[in-house]
Every structure is written in C-alpha cells, then in structure tokens.
Amino acid sequence: MNSKKIDAECSSADLEKEESLSRQNPGDKTQEGVSAAYEAKTELILTLFRIGFGRYQWQLFILTGLGWAADDIWLQGVAIILPQIELELKPVRVEYATMALYAGLILGASTWGVLADLIGRRLSFNITLFIAGVFGIAAGGANSFTSLAALIACLGFGVGGNLPVDGAIFLENIPQSHQWLLTLLSVWWALGQLLASLVAWPLIGNFSCASATICTKANNMGWRYNLGGITFLMWFLRYFIFNLQESPKYLLAKGRDEDALKVLQHIAHINGKTLSLTLVQLQAVTGQNIVTKTPGPMSNWQIIKRSFSSFSLSHVKPLFSTRRLATNTSLTIALWGLIGLAYPLFNGFITLYLTTHVSDASSSVSTTYRNYVIISILGVPGSVIACFVVDWSRKSQSRFSIGGRKLTMAVSTALTGIFLFLFTTSTKEADILAYSCVTSLTQNAMYGVLYAYTPEVFPAPHRGTGDALCSAFNRMTGILAPAIKIVTTPASGDASQATANGPIFVAASLFLVSAILMVLLPIETAGKAAL
C-alpha cells in the first residue's frame, strides 16, 4: 500500500471521527461569539479536511515555529547579555534593558494581534519578524546604553506580534485531528531558548571582558555577535521561500468566500489532493443565491485602508458575549498577566542569578553559560510532554479526563512555583542547577498547554483580538518585573540572600495563584474543534 493511499485512509478515518463527534456532541465546538452564517460555513469547511494535514501544514508548522523561537530568542537573548552590558556600558541599572524590551513587546502584542483581525494574518505574519530582524542587527552596533535600550524596544515591537499572529494562523489551517500540534508548536519556544544559549556560550564565553575595570567594546564583542542576524534569516525564509496563503477562516469571516475557496484549492494542491467544493456550495449554506466576483487582488496599502475604515470594538465585544465566555475570557487574560510577571522575574535575569547565588563554585563567564545551556536543554522535553498529554486527552474524549488542558496546565504551573521556592533555599552549584533544570521543564510544559488552550477557546473571527488582549496583558505585567528586581535588589550586587531572593519569591507565589485560577476556567477545549 503506497503512502498516498495510507494518507487518504487516515484522513478519511479522522474525518469520520470528527463528523461523528459533531453529530453526537453538537455543543462541543466553541460556538459562542460567532455569527450563524460564519458558523454554517465553518461547519462545511470542517468537512473539507479530506485535504488532510500534509506538506503545506508541515511547512507552516516550521515557519510559525521559527516565529515562536524568535520570541524566546530575544526574551532570553536580552537576559543572557545583561552581565556583559553592565560591565561595558555601565548603566545605572542594567534591568532597564529588560524594561525597554517589554515596552516594545506591549506595543507589538496589542498592535499586531488586533491588526491580524483587521488586515489579515498573512500581512501581519510577514512584517513582524522583519522589524525584529532589522533592529536586532542594529542593536549589536549600539555604543551607549540609551541607544541599545531604544533599539531593543523597537525589536520588541516586532517580536511582540509573533505569538498571537503565528498561533492563530497555524490553528486556522489544521484539522481538529491535528490541533494537538499547536501544543507541540511550543517546543520551538524552548528551542529558541536553547539556540540562544548555544550561541551565547562560545561567543560570550570567549569574547568577553572579565571585569568592569578593563571592559571596552574591543574586548567585549561577544554579546554584540550574539544579537546577530538569526531573526532576519528567519524572516527571509518566511517571506521568500514559503508561499503563505491567507487564513481561509479569516476570509470567510470577512465575507470573501471566493478568496477562501482559492486558498483551500491551493492547500489541497500542495498536499496532493483534489477539492470538489464549489463557490455555489459554499454560499448556499447561508442562503446566498448570487455568485459575485471579487475584485482583483488588493495591494497591502489598500487592505490596510479598507480595514481601518471600519475599525470598531466589534472584535472585542463577542469575546464577552455570554456569561460563560466572559468569565473564561477574563480568567484567561488574568492568567496571561500573572504568568507574564512571574516568568521574567526569574527567567529574565537568570544569568544574573546564576552568577550571584552560587557560593561554592567558579563564577567564570564560561561556567555560567555552560549551566545555562544545560538548563535550556532540559526545557525542551517539557513542551514534548505537554504535547503528549494534550494528544492523549484528545483521544480520550472525556471532559474530565486527567489529561485535560486545564488540569495539565494547573499541575505544571503549581510544580513551577514549588521548584522556584526550593531554588531560593540553595547556594550550591549542583542544587541551583538541578532546581533550575526542573523549573525549566515544568514551565515549558505549562506554556505549551497554555499556548494551545488560548487560541482554541476564542472563535476565529475574533481570535487575533483575543490573543492580542492576552499577549498584551502578558507584556504589560512583564514590564513590572525589572521594576520589582530594581526595588528589591541593590545595584551593587552585594545584597543578602533573602533580599536577592525577593523577586523569585514573588514569581513562585504568582505561579501558585495561577494554578488555582486554571482549575476555575469554565471551558475545557480538549477533544473539541476550534471554530
């Protein structure tokens, strides 16, 4: 039996399973917040997944994954270079660099997620990494801390749009049988951290000054090389190599049925399948009898003008249209805010903690970055474990399954808080490294499920806005992390152990509170198709 025949049979089996679930549990789809016309068309689209999960989706998985990797490359990239920036540029407080990054991330998350619902996923998808790549390269040439912080804020504006836009466009191009891959997408986030640490270890370890008294640009080039052009290369692959199509669900939501059909035909062609759906069939489900020709392709500028001419809160209100959905939306946004503060309080300054908390080992630059590589490696299995649990819960088809999204998130989040508390009790290198590694694993598992749950729970016409609200609130609270670090830790670095652990205590507490809120979420998305 050849592979195409196997793929066809698997796709048919998945389709029959999904249609059976739809008939048995008609309320299982996330139907709140969408119009009847859009829902009817989407039901028809769900029957079209005979085109399967093929070459197009695998390419999209890699391209969106690179966007997620870029997000953590810069979150960790800035954290990695803080010690060397402090030695060379001698800022009043080096934490202001992290604050600048989060200022850019706030603007990026709130801007690009909303724009994805206005001008489309495709245009937003292509712009974000370009901005990050250009300003990332420029940041490596900064000669003052002020200019560096400004450039970091600009690259943050581009990076901030990656998570809400990339997650939405990937989810809207895959069948329900493969929605678990949205969780696996988070492995790219962990790989981004690993890549940042692998690049930093040899560069910063070998091309860095040892103390502030002899630290100049000439003998401290490692962190400048580290910023490099990796993000720009990712944008090049995304823009020139891969022929990305607009999301068919976005086009349906905008009433562009003919364009949506063309996208589906393109995807079917790439996957080696044939699509029998016609425009008449697509429009018939909502009672439309007249087939109208869509105007020719619009330029990017025409798309932007047309979108903003009808801008309103129409994408926000549906997220709170029912009591259940309003409660879930509010809790989801709150979770992103709490975790957005907790995560950078530890991870945003991890290299500083690794150099200040160890009392029994060498504090050499090479040792610090070697340990950081080990921590990054241990974070990758966390995303894989989360993906396994999410896929298992999908197959179990039980709302209260032990592997459901909510319980998996809650357990991994609670464990993260517990291990951070244990981190504060340690001063030996082995103990600190062990607790850091386990924390890296559990928090990546947490993020993996949260990244999948969030876009799943929002209906597609408003998904970009919902993701943007979550991501923006995540960045808004994240900007408080450097402020808390500055307030609780003296600039000289000779703080007592209790004072130095202040930010970590706050982070651990916030993770535990988040775990409780996750259990209270009223909507479970395991085993359900996202509209």
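Residue 189: open to solvent by less than 10 Å² (accessible area, probe 1.4 Å), out of contact with any Pro (no Cβ under 9 Å at 6 or more places or on another chain), in a helix (DSSP H, G or I) and among the aromatic types (Phe, Trp, Tyr), yes or no?
yes
Hey, can you tell me all the residues within region 139-153 that are closer than 13 Å to residue 223 by Cα and either open to solvent by less than 50 Å² (accessible area, probe 1.4 Å) or touching a His at 6+ places or on another chain (Cβ under 8 Å) (or both)?
Answer for region 139-153, where residues must be closer than 13 Å to residue 223 by Cα and either open to solvent by less than 50 Å² (accessible area, probe 1.4 Å) or touching a His at 6+ places or on another chain (Cβ under 8 Å) (or both): 139, 140, 141, 142, 148.
Being in contact (Cβ under 8 Å) with a residue 12 or more places away in the chain, of a type in the set (A, V, I, L, M, F, W, C), over 28 Å from residue 94 (Cα atoms) and part of a helix (DSSP H, G or I) holds for only one residue in 165, 199, and it is 165.
Which condition number does residue 269 fail, the rest of (1) assigned to a loop (DSSP other than H, G, I, E, B); (2) over 27 Å from the mean Cα position of the chain (by Cα) being met? Only one criterion in (1) assigned to a loop (DSSP other than H, G, I, E, B); (2) over 27 Å from the mean Cα position of the chain (by Cα) is unmet by residue 269, namely (1). Here residue 117 clears all of (1) at pLDDT 85 or above; (2) outside any loop (DSSP other than H, G, I, E, B) except the condition numbered (1). When region 428-448 is filtered for residues that are of a type outside the set (Ser, Thr, Tyr), assigned to a helix (DSSP H, G or I) and in contact (Cβ under 8 Å) with a residue 12 or more places away in the chain, the ones remaining, listed by number, are 429, 432, 433, 437, 438, 441, 443, 444, 445, 446, 448. Of the candidates 201, 188, 223, the single residue that is within 30 Å of residue 456 (Cα to Cα) and aromatic (Phe, Trp, Tyr) is 188. Filtered by the rule that a residue be surrounded by 13 or more Cβ atoms within 10 Å (Cβ to Cβ) and aliphatic (A, V, I, L, M), region 204-249 gives 204, 221, 227, 230, 233, 234, 237, 244. Only one of the numbered conditions (1) free of Cβ contacts under 8 Å to residues at least 24 places away in the same chain; (2) over 15 Å from residue 354 (Cβ atoms); (3) part of a helix (DSSP H, G or I) is violated by residue 425, and that is (3).
In region 112-131, the condition of being more than 21 Å from residue 253 (Cβ to Cβ) and without any contact (Cβ under 8 Å) to a residue 40 or more places away in the chain is met by at least one residue. Collect the residues in region 168-186 that are assigned to a helix (DSSP H, G or I) and aromatic (Phe, Trp, Tyr), keeping them in residue-number order. Of everything in region 168-186, just one residue is assigned to a helix (DSSP H, G or I) and aromatic (Phe, Trp, Tyr), namely 170.
If you check 330, 376 for being in a helix (DSSP H, G or I), at pLDDT 80 or above and exposed (fewer than 15 other Cβ atoms within 10 Å of the Cβ), only one passes: 330. Only one of the numbered conditions (1) within 30 Å of residue 86 (Cα to Cα); (2) open to solvent by 10 Å² or more (accessible area, probe 1.4 Å) is not met by residue 123, and that is (1). If I ask for residues that are in contact with a helix residue (DSSP H, G or I) (Cβ under 8 Å, 6 or more places away or on another chain) and either on the phi > 0 side of the Ramachandran plot or charged (D, E, K, R) (or both), which ones from region 193-246 would you list? 217, 228, 238, 246, listed by residue number.
The values are calculated or read from the model by the stated rules, or taken from the named source; none is laboratory data. Keep in mind that this is a model prediction, so the values were computed, not measured. Methodologically, a virtual Cβ is constructed for each residue, glycine included, from the backbone with ideal geometry; neighbour enumeration extends over all protein chains shown. SASA here: full protein model, heavy atoms, side chains in, ligands and nucleic acids out. Shrake-Rupley method; radii C 1.70, N 1.55, O 1.52, S 1.80 Å.
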